[in-house]
Amino acid sequence: MNGLWDMAHLRKSKSNSLLCDTQEVLLAHIKQGDHLTIALSGGIDSVVLLHLLASLSQHMHFTLSAVHVNHGISSNATLWSQFCCNLCHTYDIPIYIAYLQIKKESGISLEANAREERYRIFNQLQTDYVVLAQHLDDQAETLLLQLFRGAGIKGLSAMPVVRKQFSDTAPQLLRPLLEVSRSRIEAYAHENKLNWMNDESNDSIAFNRNFLRHKILPLLKERYPNYPKTLLRTSRHLSEASSLLDELAEIDIGNCLVSGKLKVSNIRKLSFPRAKNLLRHTLLQRGANLPSTAKLDDILSQLLSAGSGSQLHINFGNTEIRCYKDALYILSRKIPSKEPIQISWCGEAFLALKHPTGSIHFTQVRNQGISPQSMIHEPIMICLRSGGERFMPACNRPRRSLKNLLQEASIPPWERNTLPLLFCGEKLVWVPGIGIDCEFQVKSDEMGILPIWNPE
């Protein structure tokens, strides 16, 4: 890359050595023109990272900005925000302050809730990378904390240098200091005469991480001076094992899929550990908050013991699991609306719905869909089922109850009352997954309107 510094020159001091190491990590992951947003807390780690990135941005030709999350927990939160603003001003980089009001929730620690909200902010940023200041000692602390929580292989895996988010639009997370010790960061800060803010909560051993850092790890260091690197190596081994389990899960999912649905009867053919691995992997893919190991075992036991005609329904966290006709459904839990929808359609190509959540696209197609001429005399409405509707999607068969048609189409029971139905006056015109009533279907060589329902 043009403009790169001479490595030998960079290594003349400890400060330049850290600068060089950071550059090497960035070179492996970013490209010219990328936008990097540093997560700036104001503490020593993020202040050092800001100094490093600001020093490298001109030579490596990337755009740099900052984000500071004010959680509103500490009485000094405003001071930290002001410090970060002033610091970014000296570097002439823009900063975005996100203000939150973190509340204690039952079953969730305050620090865990704050972390979740912080990452939610990061995922919404318009940037290529959110750059985090986590380092080698953080890796070791995280592994031990997860170990004490009884975490599995994935939880014990090392934080990656780069992590992609579930959403394609979310920025990637970049951690260029993961192999840098806390002592090197502190030495860099002192050598460059940097100023930072001290979070008073870091001294409180009421928090698990602080208890580990101040009480346990100093004893470990006396006996095992290189424990952070050793634990990093262990985490990497576990990361490899986790990747292999993910690959196995994908193979098993492929073997259990029939017509795009996971078949419970096929899952039953797997050993319990493999079925559990498949279920855990699928839940993570769907963005579910994983239940405890005991709860996951119980869910799987119910799933494997359910009869062929079972309509199993299990709720946990933000997720619900259902079975219907041997198919497994993993769904986001939604609060059902008590208000029936009634939306007028006036020829728009797109309709967004809130209850149920989704959208209807209307496309003009020849010889398919609804005849526009058949709907010109009555108002056209989108409504939910109220019961007693009758429908005739096939012109060579008599009109039948919508209830029976939905059953025959194998539409899951929980979806039947949330389907948006199109009415012309009092007449039912279109049902998603079923079709268009004979009376409203296009004639030969006529341009029709084809509705497509996309639930969320």
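Each value in this text was obtained by applying a stated rule to the coordinates, not by laboratory testing. Everything numeric here is computed off the predicted structure, so don't read it as measured data. With ideal geometry, Cβ positions are generated from the backbone for all residues, glycine too; neighbour counts draw on all protein chains shown.
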Quick one: Karplus J couplings for segment 321-334, per residue in order, coefficients 6.51, -1.76, 1.60, θ = phi - 60°, nearest Hz, x for Gly and Pro? 10, 10, 10, 7, 6, 6, 9, 9, 10, 10, 10, 6, 5, 10
Chymotrypsin sites (Phe, Trp or Tyr not before Pro) lying in DSSP loop within segment 110-172, provided at most 15 other Cβ fall within 10 Å: Phe166
Applying the Karplus parametrisation 6.51 cos²θ - 1.76 cosθ + 1.60 with θ = phi - 60° to the phi angles of segment 34-42, what ³J(HN,Hα) value in whole Hz is obtained for each residue in order, glycine and proline being reported as x? 5, 9, 10, 10, 7, 7, 9, 8, x
Could you work out the helix-only [θ] at 222 nm for the chain, with each DSSP H run of four or more residues adding -39,500 (n - 2.57) and the total divided by the number of residues, to the nearest 500 deg cm²/dmol? -12000 deg cm²/dmol
Check the cysteines of the chain one by one and keep only those with no other cysteine Cβ under 4.7 Å from their own. Cys20, Cys84, Cys85, Cys88, Cys256, Cys323, Cys346, Cys383, Cys424
Give a quick list of GluC sites (Glu not before Pro) in segment 83-175 that DSSP marks as loop, anything other than H, G, I, E or B, with at most 10 other Cβ atoms within 10 Å. none
Using the structure shown, select from Lys261/Lys334; Lys31/Lys261; Lys354/Lys443; Lys276/Lys354; Lys276/Lys334 the pairs with a Cα to Cα distance greater than 30 angstrom. Lys31/Lys261; Lys354/Lys443; Lys276/Lys354
Footprinting exposure proxy for Met375, Met159 (fewest neighbouring C-beta atoms within 10 Å first): Met159, Met375
The computed P(r) of the chain puts the percent of Cα pairs beyond 43 Å at 35 percent
Write out the GluC sites (Glu not before Pro) in segment 308-411 meeting two conditions: DSSP loop, and at most 15 other Cβ atoms within 10 Å of their Cβ. Glu348
Candidate span helices, the chain: DSSP H, at least 27 Å along axis from Cα coords, Kyte-Doolittle average at least -1.0, result 227-256
Tell me, what is the percent relative contact order of the chain, built from C-alpha pairs under 8 Å that lie six or more residues apart? 10 percent
Can you give the convex hull volume of the alpha carbon atoms of segment 259-332 per residue, in Å³? 82 Å³
Arrange the following residues from fewest to most other Cβ atoms within 10 Å of their Cβ: Glu250, Glu179. Glu250, Glu179
Holding the Cα-Cα limit at 29 Å, pick out from Lys325/Lys427; Lys154/Lys221; Lys164/Lys269 the pairs that are longer than that. Lys325/Lys427; Lys164/Lys269
Using Cβ counts within 10 Å as a stand-in for footprinting exposure, how do His355, His71, His89 rank, fewest first? His89, His355, His71
List the residues whose amide H sits under 5 Å from the amide H of Val442, counting only those 5 or more places along or on another chain, with H placed 1.01 Å from N in the peptide plane. Gly369, Ser371
